[in-house]
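A.B. asks: What follows is a single structure, and I will ask about it in a moment.
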Amino acid sequence: MSAGLAAEEEEADAAAASPALARVLSALFYGTCSFLTLLVNKALLSAYSFPSPMFLGIGQMAATILILYVSKLNKIVHFPDFDKSIPMKLFPLPLIYVGNHLSGLSSISKLSLPMFTVLRKFTIPLTLLLEIIILGKRYPLNIIVSIFAIIFGAFIAAGSDLSFSLEGYIFVLVNDIFTAANGVYTKQKIDPKELGKYGVLFYNACFMVIPTVIISFSTGDLQQATHFQHWTNCLFVFQFILSCLLGFLLMYSTVLCSHYNSALTTTVVGAIKNISIAYIGMLIGGDYIFSMLNFIGLNICIAGGLRYSFLTLRGNSKPAQPGDEENAFPVSKS
């Protein structure tokens with residue numbers, strides 16, 4: 001049936017042969033890409049005061065389309081050619097994808113790095129809830145406790161935020177909703193017999209880049225970007241191009257981690273990588289206001305995230321079997 005399907009089946013066989021290694025490496029790859037992308041975007045949107053997060057998102061979509069199209073032409077990656085069934089196969093991922101992309105870029109410029117990373121942890125229970133509703137999964141009690149430890153710490157840290165920004169909080173919570181939905185629906189859509197990992201990435205970007213350009217133009221975002229004063233600054237241009245490339249790598253690593261793990265594990269990996277980001281933000285971000293409650297809350301989040309990681313590596317994050325019902329989080333499958 002096509003080289004694309006054969007390649008995806010080979011990847012699935014490789015994952016089955018060494019599942020633990022594939023899970024760990026894909027999670028580390030995603031965490032690294034997420035860490036680097038957040039730092040570079042923070043520098044562009046805050047340090048340089050780049051006024052157009054939507055334009056930055058367009059650059060990242062364009063990089064994704066170009067890289068995957070050239071790779072397909074050179075037979076490096078494989079995904080189906082376009083046909084009229086593809087939009088229905090993808091729906092509602094394109095809408096979720098652009099909402100996640102733009103709300104994330106908008107929120108990062110409104111908050112300090114530590115508070116941004118704390119509020120992003122609310123993605124975890126949202127992902128858990130959507131996996132239960134959409135994918136019909138069930139998780140053991142110790143996983144649930146670890147997740148609520150993360151959320152408890154986030155409440156403590158956010159409650160003592162001395163640099164409160166209502167606009168920033170709204171943007172990041174909306175981003176949490178889109179991120180959770182994106183992770184769960186991506187896990188559902190990357191079936192190798194359908195579009196596969198690369199097809200999901202490519203067609204998502206293709207379907208949303210033109211509407212995003214139109215929105216950017218109509219809101220003045222595009223004009224602000226073209227008149228930005230630092231386009232003659234080589235360091236800024238380098239970081240902008242780097243952000244576009246990292247945006248592609250982040251989207252790819254997210255799909256890869258969800259492929260080998262679960263959407264919930266991908267979300268928790270994103271929270272764990274915030275350990276280093278939070279402390280870096282305290283030391284060099286310049287916009288963090290220290291308080292003891294905030295610091296305690298961050299450390300509770302960290303402890304819950306590490307506990308989840310330990311349980312996951314032991315294999316305890318798999319959906320509960322019927323015999324485990326007394327220890328599982330009760331749900332009704334849909």
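A.B. asks: Sort largest first and round to whole Å: the equivalent ellipsoid semi-axes of segment 188-261, each the square root of five times a Cα gyration tensor eigenvalue.
C.D. replies: Taking √(5λ) for each Cα gyration eigenvalue gives 31, 17, 7 Å.
A.B. asks: Pulled fully out, how much extra length does the chain show between I76 and V145, if you take 0.36 nm times their separation in residues and subtract their Cα-Cα distance?
C.D. replies: On the way: separation 69, 0.36 × 69 = 24.84 nm, distance 4.27 nm.
Extending this stretch completely gives an extra 20.6 nm.
A.B. asks: On to the next question. Can you give the accessible area of E194, probe radius 1.4 Å, in Å² rounded to 10?
C.D. replies: So the heavy atoms of E194 present about 80 Å² to solvent.
A.B. asks: When the Karplus curve 6.51 cos²θ - 1.76 cosθ + 1.60 is applied with θ = phi - 60°, which whole-Hz ³J(HN,Hα) does each residue of segment 258-266 get, with x for Gly and Pro?
C.D. replies: 5, 5, 8, 10, 10, 4, 5, 4, 4
A.B. asks: If I ignore ligands, DNA and RNA and count only protein heavy atoms, how much of S34 is accessible to a 1.4 Å probe, in Å² to the nearest 10?
C.D. replies: Result for S34: roughly 10 Å² accessible.
A.B. asks: Turning to a different aspect of this structure: Describe numerically, in nm with one decimal, the distance between label points set 7 Å from Cα along Cα→Cβ at A43 and at Y69.
C.D. replies: Result: 2.9 nm between the two label points.
A.B. asks: Something else: Given the pairs K110/K187; K89/K189; K75/K189; K137/K189, which are separated by over 19 angstrom at their Cα positions?
C.D. replies: In this structure, K110/K187; K75/K189 exceed 19 Å between Cα atoms.
A.B. asks: Give the accessible area for L306 in Å² (nearest 10); use a 1.4 Å probe, count only protein heavy atoms, and leave out ligands, DNA and RNA.
C.D. replies: 90
A.B. asks: Between A62 and F290, what is the spin-label point distance in nm, taking each point 7 Å from the Cα along the Cα→C-beta axis?
C.D. replies: Distance between the two pseudo-spin positions: 4.3 nm.
A.B. asks: Ignoring ligands, DNA and RNA, what accessible area per residue does segment 21-108 give at 1.4 Å, in Å²?
C.D. replies: Roughly 44 Å² per residue, with all protein chains present.
A.B. asks: With charges set only on the Cβ (+1 for Lys and Arg, -1 for Asp and Glu), what does the dipole of segment 27-314 come to about its Cα centre, in debye to the nearest 20?
C.D. replies: Rounded to the nearest 20 debye, it is 720 debye.
A.B. asks: Go ahead and run the numbers for FRET between A20 and Q224, Cβ-Cβ distance against an R0 of 45 Å, rounding to 0.05.
C.D. replies: 0.40
A.B. asks: What do you reckon, how do I241, I134, I96 stack up by accessible area (1.4 Å probe), largest on top?
C.D. replies: From most accessible down to least: I241, I134, I96.
A.B. asks: In Å and whole numbers, how far do the C-alpha atoms of segment 27-314 stretch along each principal axis, longest first?
C.D. replies: Extents along the principal axes, in whole Å: 53, 49, 30.
A.B. asks: If you don't mind, another one. Leaving out ligands, DNA and RNA, and with a 1.4 Å probe, what % of the accessible surface on segment 27-314 is carbon or sulfur?
C.D. replies: Roughly 73 percent of what the probe reaches on segment 27-314 is carbon or sulfur.
A.B. asks: Whole Å is fine, so just give me how far the alpha carbon centre of segment 213-255 lies from that of segment 48-79.
C.D. replies: Cα centres, segment 213-255 to segment 48-79: 11 Å.
A.B. asks: Would you kindly derive the ³J(HN,Hα) couplings of segment 76-90 from the backbone phi angles with the Karplus curve 6.51 cos²θ - 1.76 cosθ + 1.60 (θ = phi - 60°), listing them in order in whole Hz, with x for Gly and Pro?
C.D. replies: 3J(HN,Hα) across segment 76-90, in whole Hz: 7, 10, 9, 7, x, 5, 5, 8, 5, 7, 5, x, 5, 5, 7.
The values are calculated or read from the model by the stated rules, or taken from the named source; none is laboratory data. Bear in mind that the values here come from a model prediction, so they are computed numbers and not experimental data. As a convention, Cβ positions derive from the backbone with ideal geometry for all residues, glycine included, and neighbour counts pool all protein chains shown. Surface accessibility is based on the protein's heavy atoms, side chains included, excluding ligands, DNA and RNA. Shrake-Rupley method; radii C 1.70, N 1.55, O 1.52, S 1.80 Å.
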